[in-house]
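Please read the structure below before turning to the comments.
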Amino acid sequence: YLKSLEEFQNQPAKTSDGKTFEIAANIGTPAEATAAVEGGAEGVGLYRTEFLFMNATSMPTEDEQFEAYKSVAETMAGRPVVIRTLDIGGDKELPYLSLPHEMNPFLGYRAIRLCLDRPELLSTQLRAILRASHYGKLKVMFPMISNLSEFRQAKAIFREVAEQLRKEGVPFDEAMEVGIMVEIPSAALLADQFAREVDFFSIGTNDLVQYTLAVDRMNEKVAPLYDYFHPAVVHLIHRVIDASHRAGKWTGMCGGMAGDPLAAPLLAGLGLDEWSMDANSIKKVKHKISTLHHEECKQLAEQALQLGTAEEVRALLGGK
Ligand code: PEP
Ligand code: MG
């Protein structure tokens, strides 16, 4: 079985009736980009840049960031790379930022909230990303977006930085896509409104499940309640994908659900365009997709949207 899985690793993910999906990897460091390509990734759907910050004793400079992003761009050699801007706070700390202790860190001062409050952090990172975009196919993505004005503020900083680089004559990709993570229910519910302004969505099920179901993703006591097959989560995913397609945009998923072969028929049926996962899940998911029939998956997804419990959705997918 394992040997036959290897055969799928470097092939496109294609259903028996010929529908292909883009399969990408999640990475945290430039070194992982190499493993991603070897594992069969057609791109990077999530580059978690916070590791660059967490592994340092002081704030990485623009040049240090540029070198890291450029290295990933070059390793991926023209394959798309979605770079997520700093997602710190919540469970991830940065000693040199001395963030205040919070009662509810996951509902607090984190990610885009912190970056918009300290815009020099974001503009430095965006300069580094834009400069690196000259060396490959980079896209930028903002985490923890809960309302449209956060996106507009972040996009305005992006435009300012791009204008500076233009004036300085520094080359960058003028066509770089700018998207958001959908990991807060408010963003999923307003997907139609967002879809007019963003270039793409990437669904972060790890946080989306936590916020939709009010279940702490780190708390083992409530782990049985933490379930991406909960129909409420499935409806939000459906809503986001449909909204993006109506606007001619694409939707990816970079949360853990994308790497679960059991979820594959559902995600295929809902029309998920790009699937980003740990590199070692790629062959299993590509293999699973090869066993699917896309038209049947669409019907399956329609059925799933009628169900009332996670157990029923799992059972429909053949899981327990
Ligand atoms: C997510 O929330 O699903 C996600 C991919 O981001 P992270 O796990 O880094 O919060
Ligand atoms: Mg997240």
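Read-outs throughout are calculated quantities, based only on the coordinates presented, and are distinct from any laboratory measurement. All of these numbers come straight from a predicted model, not from anything done at the bench. FYI the Cβ positions are ideal-geometry reconstructions off the backbone, even for glycines, and counts take in every protein chain you see.
Can you compute the label reach from GLU93? Point 7 Å from Cα along the Cβ direction, backbone N cut-off under 18 Å, restricted to region 218-232.
Residues 218-219 qualify, since their backbone N sits under 18 Å from the label point.
Counting other beta carbons within 10 Å of each residue's own, what order do ASP278, ASP207 fall into, fewest first?
The most exposed by this proxy come first: ASP278, ASP207.
Given R₀ = 22 Å, FRET efficiency for ALA175-LYS155 by Cβ-Cβ distance, to 0.05?
That gives a FRET efficiency of 0.90.
Here are some pairs, LYS155/LYS298; LYS286/LYS320; LYS70/LYS92; LYS155/LYS320; which of them have Cα atoms lying more than 32 Å apart in this structure?
With Cα atoms farther than 32 Å apart: LYS155/LYS298; LYS155/LYS320.
Going 7 Å from the Cα of GLU220 in the Cα-to-Cβ direction, what parts of region 79-116 have a backbone nitrogen less than 17 Å from that spot?
Label zone hits: none.
Kindly put TYR96, TYR69, TYR211 in sequence by how many other C-beta atoms sit within 10 Å of each C-beta, fewest to most.
In increasing order of surrounding Cβ atoms, one gets TYR96, TYR211, TYR69.
How fast does region 141-298 diffuse by Stokes-Einstein, in µm²/s, taking the Kirkwood radius from C-alpha pairs at 37 °C and 0.692 mPa s?
Reported coefficient: 196 µm²/s.
Could you list which residues have their amide H under 5 Å from that of VAL44, counting only those 5 or more apart in sequence or on another chain, with H placed in the peptide plane?
Under 5 Å from the amide H of VAL44: ALA25, VAL81, VAL82.
What FRET efficiency comes out for the pair ASN147/SER4, r = Cβ-Cβ distance, R0 = 56 Å, nearest 0.05?
0.75
How much of the DSSP beta bridge set in the chain is antiparallel, as a percent to the nearest 5?
Among the beta bridges of the chain, antiparallel pairing accounts for roughly 10 percent.
Along its three principal axes, how long is the chain when you only count alpha carbons? Whole Å, largest extent first please.
Projected onto its principal axes, the Cα set of the chain covers 54, 44, 36 Å.
For ASN104 paired with GLU296, estimate the spin-label separation in nm (one decimal), with each label point 7 Å from Cα along the Cα-to-Cβ line.
Each label point lies 7 Å from its Cα, and together they span 4.5 nm.
About its Cα centre, how strong a charge dipole does the chain have in debye, to the nearest 20, once Lys and Arg get +1 and Asp and Glu get -1 at the Cβ?
Dipole about the Cα centre, nearest 20: 320 debye.
Quick one: angle between helix 294-304 and the longest Cα principal axis of the chain, in degrees between 0 and 90, rounded to 10, please.
Relative to the chain, helix 294-304 is tipped by roughly 90 degrees.
Provide SER71, SER58 in ascending order of the number of other Cβ atoms located within 10 Å of each residue's Cβ, fewest first.
SER58, SER71
In terms of the Cα gyration tensor, with a ≥ b ≥ c the square roots of its eigenvalues, is region 277-320 rounded because a/c is under 1.5, prolate because a/b exceeds b/c, or oblate?
Verdict is oblate for region 277-320.
Any chance you could get the radius of gyration and Dmax over the Cα atoms of region 36-115, in Å?
Considering region 36-115 through its Cα atoms, Rg and Dmax are 14.6, 44 Å.
At what distance in nm do the modelled label points of ALA77 and HIS245 sit from each other, each positioned 7 Å from its Cα along Cα→Cβ?
If labels sit at ALA77 and HIS245, their model points lie 3.3 nm apart.
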